Number of protein chains: 2
Amino acid sequence: MSESVPKYVFVENYIKEAIRKKQLVDKLPGERVLAQQLGVSYMTVRKSIDNLVNDGVLYKVPTQGTFVNPDKANRKKTRTIGYFLDSSIVAGISSPYYSLIFNAIEKYAAKENYSLVYFSDADKESFKKTLQKLDGVIATCFPRIEITILEIKQTVPVVVIDNSAADKTIPSIIIDNFNADVQSVDYICSLGHRRIGFMTGLEDSDVGKSRFAGYQYGLSKNAIPFDSTLVYRGNYSYEAGIEGAEYFLSLETMPTAIICANDSMALGAIQKLTQNGFDIPNDISIVGFDDIEVASQIVPALTTVAAPINDIAQHAFNSLKKLINNEPVEHQHIALPARLVIRQSCTKTQEVKAA
Amino acid sequence: MSESVPKYVFVENYIKEAIRKKQLVDKLPGERVLAQQLGVSYMTVRKSIDNLVNDGVLYKVPTQGTFVNPDKANRKKTRTIGYFLDSSIVAGISSPYYSLIFNAIEKYAAKENYSLVYFSDADKESFKKTLQKLDGVIATCFPRIEITILEIKQTVPVVVIDNSAADKTIPSIIIDNFNADVQSVDYICSLGHRRIGFMTGLEDSDVGKSRFAGYQYGLSKNAIPFDSTLVYRGNYSYEAGIEGAEYFLSLETMPTAIICANDSMALGAIQKLTQNGFDIPNDISIVGFDDIEVASQIVPALTTVAAPINDIAQHAFNSLKKLINNEPVEHQHIALPARLVIRQSCTKTQEVKAA
DNA sequence: TGATAAAAGTGCTATATAGCAATATAGGTT
DNA sequence: AACCTATATTGCTATATAGCACTTTTATCA
């Protein structure tokens with residue numbers, strides 16, 4: 001028993017350690033018994049136990065004893081939920097798509113008197129402490145962060161968006177990316193385009209794979225053979241858009257249209273192609289995905305697939321609310337349709353125009 | 001002294017009542033003194049006071065005494081702070097500038113184990129309940145929401161950004177908008193422009209007024225007489241940018257450059273001018289303010305004033321943390337410099353080019 | 001074997017006492 | 001007025017003891 005630690009703190013630590021080691025799992029020895037075992041006064045034991053009760057580690061039932069508090073059971077509801085983005089998304093919540101989702105979730109939450117925290121996992125300690133304060137979490141999910149998703153689920157109810165979690169008991173709200181990109185290919189084909197480039201998103205996720213698969217299915221549906229040289233492997237960033245355009249510029253025969261797996265890559269492609277003297281859409285048509293706010297504000301205004309932001313937010317919040325209230329969630333996995341918004345970044349091919 | 005109430009509860013109630021009646025406003029008598037006055041044991045007094053400390057009613061300073069906890073500090077700290085935007089900002093947290101600020105604040109807060117809630121005031125009840133959960137608030141301030149700012153201040157510590165509050169005891173972190181726009185005018189003049197249009201922000205705030213004043217001062221500094229026909233009264237929105245460009249198009253002689261009070265209006269102006277066959281920057285140069293992310297991604301990349309997002313967030317968080325911890329805030333009102341970022345939306349006037 | 005009484009266990013309230021480290025106050029000196 | 005010393009104040013840690021109301025366990029008796 002160290003001289004520098006008060007005895008009552010020593011007893012607190014002793015109890016906490018015994019709980020951690022599963023030596024104490026439910027009922028503690030009586031206060032007088034414990035005092036005798038540890039060789040301290042009864043009042044010292046009482047002081048330690050009172051502190052641990054205040055901290056929520058233990059609870060007392062008069063005349064019956066003192067018990068270990070189960071992990072999740074006794075926490076008070078805070079009516080605060082969290083929106084989680086992992087820290088590999090460098091721009092974090094300032095990313096145009098995620099800030100739209102976050103804004104929409106906050107509106108639905110506020111109507112039900114829930115406050116909304118935004119948090120990430122750059123600081124592990126802060127991440128854990130924030131989780132402890134929440135009734136539940138809506139998380140943007142990627143396969144690469146499955147461990148984090150599991151950790152969240154072990155602490156509070158969780159609903160995922162964008163990609164399903166590997167653990168299929170976690171409800172998910174995603175976009176029907178496949179049919180959205182089939183739609184884009186159909187529209188581009190309706191303008192007469194046959195040589196259609198594609199900038200993929202990250203293929204480590206269902207989002208990336210589904211958008212690419214939709215492109216491929218759209219080609220075959222329009223009797224266009226798949227040509228792998230018309231595919232640039234991107235990663236959703238503006239910089240990838242620039243590099244993708246460079247790649248297509250390097251081809252002997254450029255595509256007459258490019259479908260991008262998101263708007264940021266479309267912006268990068270427009271920048272590089274314009275710099276190289278190409279006119280959008282007269283020389284080459286561009287389609288994006290997400291319909292971030294500036295998509296309608298740039299020159300030319302971008303034709304893009306509009307993600308159903310409000311629907312995603314509403315379904316995610318409602319599913320989470322049910323989990324928090326221990327109610328059954330009717331539709332565990334929801335795939336929402338996305339709509340193509342036609343603006344000025346696409347035009348008919350020169351051949352169709354000449355005819 | 002009632003038989004049915006334990007003595008320590010009686011002492012707790014006695015202290016709380018004395019606080020309520022203002023008989024105790026700051027320092028309590030010593031524990032031994034109190035025990036004597038109330039005719040109970042010293043240990044009983046200690047037990048009562050410890051409970052009131054746990055409840056946040058009192059706080060103790062070893063060797064100095066026990067004190068009444070001021071009203072605001074009554075609650076247990078949640079280590080959760082809020083970022084407030086009033087609901088008249090339709091795009092809410094998805095606005096490019098505000099989401100950057102919010103993202104930056106979250107990073108500083110997480111490092112200090114504070115969680116960050118985003119909230120608005122569309123739902124009054126939710127607004128009040130959220131306030132109750134927070135240790136403090138960083139609020140984007142406008143003169144039109146002074147009543148809301150006061151309400152926040154009456155509940156928790158508050159720091160404002162963007163505009164100072166009318167209540168000068170509230171710390172503020174703002175941008176030096178005046179010198180930022182002087183800078184823009186200087187730069188435009190250095191390119192040979194003498195006919196310089198200006199799209200104001202909202203003039204109901206210091207931000208709006210300072211940016212306009214900086215434009216005017218910049219003109220006089222460069223010996224250019226102020227011409228009120230070269231001023232369009234805007235409101236920071238993309239739509240105002242379109243209308244502003246329409247206004248300048250309607251003039252007999254258009255300006256050769258336009259300085260916009262923010263980037264969204266610059267986007268609108270570029271859109272309308274391009275539609276009307278003008279080339280940016282060859283026919284007319286454009287300057288924005290804020291340096292939102294897409295400013296660098298559009299064609300042409302926008303020359304704009306970069307708001308010191310991280311500095312604002314850092315100072316705001318640090319000031320708020322001090323308020324929460326009852327420490328003095330050294331610099332109550334901070335005006336941070338903003339830097340002009342030169343990209344592709346400006347060029348020399350045709351006259352300078354010909355020479 | 002079942003019922004009842006006694007004993008033991010349990011957290012709770014209350015008091016008394018001693019001594020520690022740090023700070024504040026009072027008094028005296030230069 | 002500034003400095004030093006002694007004393008008082010302050011919350012803190014720790015121990016000991018007594019007895020209460022209630023519940024659980026054990027022992028005893030029919």
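What follows is calculated from the coordinates using simple rules that are stated; it is not laboratory data. This structure is a prediction, so every number in the text was calculated from the model and none was measured. In this analysis, Cβ positions are derived from the backbone assuming ideal geometry, glycine residues included, and neighbour counts consider all displayed protein chains.
Taking amide H positions as modeled 1.01 Å from N, with prolines and chain starts lacking one, the residues under 5 Å from B:Gly136 and 5 or more places away or on another chain are B:Gly82. Based on the alpha-carbon gyration tensor of region A:180-235 and its eigenvalue square roots a ≥ b ≥ c, which shape applies: rounded if a/c is under 1.5, prolate if not and a/b is larger than b/c, or oblate? It is prolate, given that a/c is not under 1.5 and a/b is the larger ratio.
Per-residue extension of 0.36 nm, minus the Cα-Cα distance of B:Asn222 and B:Ser87, leaves a gain of 44.6 nm for this segment. Classify the protein assembly as shown as rounded, prolate or oblate, taking a ≥ b ≥ c as the square roots of the eigenvalues of its Cα gyration tensor: rounded when a/c is under 1.5, otherwise prolate if a/b is larger than b/c and oblate if not. Oblate is the answer for the protein assembly as shown, as a/c is 1.5 or above yet b/c matches or exceeds a/b. Taken about its Cα centre, chain B carries a charge dipole of about 1560 debye when Lys and Arg each add +1 at the Cβ and Asp and Glu each add -1 at the Cβ.
With the charge dipole of the protein assembly as shown set up from +1 on Lys and Arg Cβ and -1 on Asp and Glu Cβ about the Cα centre, the Cα lying farthest toward the positive end among the listed residues A:Ser296, A:Ser4, B:Tyr238 is that of A:Ser4. Once the chain from A:Val9 to A:Arg46 is taken as fully extended at 0.36 nm per residue, the excess over their C-alpha distance is 12.2 nm.
Extending 7 Å from Cα along the Cβ direction at A:Asp311 and again at A:Thr78 yields two label points whose distance is 3.3 nm.
Taking the charge dipole of region B:1-91 about its Cα centre, with +1 at Lys and Arg Cβ atoms and -1 at Asp and Glu Cβ atoms, the residue from B:Gly30, B:Ala91, B:Asn13 reaching farthest to the positive side is B:Gly30.
I want the antiparallel fraction of DSSP beta bridges within chain B, as a percent rounded to 5. Percentage antiparallel, nearest 5: 20. Placing +1 on each Lys and Arg Cβ and -1 on each Asp and Glu Cβ, with no other charges, gives the protein assembly as shown a dipole about its Cα centre of roughly 3040 debye.
If the cut-off is a Cα-Cα distance under 18 Å, which aspartates and glutamates reach B:Lys153, setting aside same-chain residues fewer than 8 apart in sequence? Hits, sequence-local ones excluded: B:Asp71, B:Asp86, B:Asp121, B:Glu125, B:Asp135, B:Asp162, B:Asp167, B:Glu327. Each other copy holds its own label point for A:Thr78; taking that point as 7 Å from Cα along Cα to Cβ, the gaps run 0.8 nm, nearest first.
The distance linking region B:252-291 with region A:86-102 is 29 Å (Cα centroid to Cα centroid, whole angstrom). Cross-link pairs exceeding 29 Å between alpha carbons, from the set A:Lys60/B:Lys107; A:Lys22/A:Lys60; B:Lys16/B:Lys77; A:Lys21/A:Lys60; A:Lys77/B:Lys22; B:Lys133/B:Lys209: A:Lys60/B:Lys107; A:Lys77/B:Lys22; B:Lys133/B:Lys209.
For B:Tyr236, the residues whose amide H sits under 5 Å from its own are B:Leu202, ignoring neighbours fewer than 5 places away on the same chain, with H placed 1.01 Å from N.
Over all pairs of different C-alpha atoms, region A:17-153 has a mean inverse distance whose reciprocal, the Kirkwood radius, equals 18.0 Å. Could you tell me how far the Cα centroid of region A:2-29 sits from the Cα centroid of region A:177-245, in Å? Going from one Cα centre to the other spans 60 Å.
Shown for B:Arg339: label points 7 Å from Cα along the beta-carbon vector, and their distances to the equivalent points in the other copies, 4.3 nm in ascending order. Across region B:108-116, coupling constants 3J(HN,Hα) worked out from phi with the 6.51/-1.76/1.60 Karplus curve, θ = phi - 60°, read 5, 5, 4, 4, 9, 6, 9, 8, 10 Hz, and Gly and Pro carry x. A simple spin-label model places pseudo-atoms 7 Å from Cα toward Cβ; at A:Gln154 and A:Arg195 they are separated by 5.5 nm. Applying both filters, DSSP loop and at most 15 other Cβ atoms within 10 Å, to the GluC sites (Glu not before Pro) of region B:74-178 gives B:Glu112.
Mind checking the angle between helix B:146-155 and chain B's longest principal axis? C-alpha axes, 0 to 90 degrees, to the nearest 10. It works out to around 30 degrees. Residues in region A:86-93 carry Karplus couplings, in order, of 6, 6, 6, 7, 4, 6, x, 5 Hz; the curve used is 6.51 cos²θ - 1.76 cosθ + 1.60 with θ = phi - 60°, and Gly or Pro positions show x. A simple spin-label model places pseudo-atoms 7 Å from Cα toward Cβ; at B:Asp186 and A:Asp204 they are separated by 4.6 nm.
With a Förster radius of 30 Å applied to the beta-carbon distance between B:Lys129 and B:Phe67, the computed FRET efficiency rounds to 0.55. Secondary structure note: in the protein assembly as shown, about 25% of the DSSP beta bridges are antiparallel. Between 0 and 90 degrees, the angle of helix B:309-324 with respect to the longest Cα principal axis of chain B falls at about 20 degrees. For a label point 7 Å from the Cα of B:Asn326 along Cα→C-beta, name the residues of region B:27-69 whose backbone N is under 16 Å from it. Zone members listed by number: B:27-29, B:50, B:52-69.
Is the C-alpha gyration tensor of region B:1-44 telling us rounded, prolate or oblate? Criteria: a/c under 1.5 is rounded; beyond that, a/b larger than b/c is prolate, otherwise oblate. Taking the square roots of the gyration eigenvalues as a ≥ b ≥ c, region B:1-44 is oblate.
Across the copies of the chain, A:Lys128 has label points (7 Å from Cα along Cα→Cβ) spaced 3.8 nm apart, shortest distance listed first. Comparing B:Ser184, B:Ser172, B:Ser115 in a Gaussian network model of chain B, where Cα atoms under 10 Å apart are tied by springs, the biggest mean-square fluctuation is seen for B:Ser115.
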